[in-house]
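In what follows, a single structure is set out as structure tokens and then discussed.
The values are calculated or read from the model by the stated rules, or taken from the named source; none is laboratory data. Given the structure is predicted, the values throughout are model-derived calculations rather than measurements. All Cβ positions, even for glycine, are placed from backbone atoms using ideal geometry, and neighbour counts span all protein chains on display.
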């Protein structure tokens, strides 16, 4: 059983690739494509200590498949089964900004409604920290945001891949420090 489950949906594979880089950093994380979610996956989510939310940003919001997953969590919202779990979020898009903050805000709101503890991005990149290369180059703090690479063999820009790995490390540290699971 994984301490951390990375829930995602992907269009052309960019968001899955980003999830894989986060999982490398988090080390004990498992990936869960929400488009193929089954009853046993819900049980795994309820038992996890951390849940990350990830989807491409399409037209200023999370992709529809992920919104369907978000809506399905209302089935157990009243029971607060995810209370006190660590939460975080990530998104990809074709533009550097591309309204990705709106997607991250929707994930943070979902986490807040479930009583989860949100963990944002902590990596300081350019122009404030030029020694950190291109890490968090677009300056997203609410969560992880990446720009899709036009190179289909790469999918995610190398700097964004490293930022994702570091975000996974941060999530693992938060789980070790605060991740208690549910309040029950």
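Restricting attention to segment 102-130, and to residues there that are modelled with pLDDT of 95 or more and in contact with a helix residue (DSSP H, G or I) (Cβ under 7 Å, 6 or more places away or on another chain), which single residue is farthest from residue 171 (Cα to Cα)?
By that ranking, first place goes to 113.
Do we find a residue being in contact with a helix residue (DSSP H, G or I) (Cβ under 6 Å, 6 or more places away or on another chain) and in a loop (DSSP other than H, G, I, E, B) anywhere in segment 160-178?
No: zero hits.
When segment 43-58 is examined, which residues are found to be farther than 13 Å from residue 111 by Cα, out of contact with any helix residue (DSSP H, G or I) (no Cβ under 6 Å at 6 or more places or on another chain) and either part of a strand (DSSP E or B) or without any contact (Cβ under 8 Å) to a residue 40 or more places away in the chain (or both)?
43, 58
Out of 64, 60, 11, which single residue is surrounded by fewer than 14 Cβ atoms within 10 Å (Cβ to Cβ) and touching a strand residue (DSSP E or B) at 6+ places or on another chain (Cβ under 9 Å)?
64
If you check every pair at least six apart or on different chains, which have Cβ atoms under 6 Å apart with a residue in segment 137-156 that is at positive phi and exposed (fewer than 15 other Cβ atoms within 10 Å of the Cβ) first and a residue that is part of a loop (DSSP other than H, G, I, E, B) and modelled with pLDDT under 85 second?
From residues that are at positive phi and exposed (fewer than 15 other Cβ atoms within 10 Å of the Cβ), there are no pairs.
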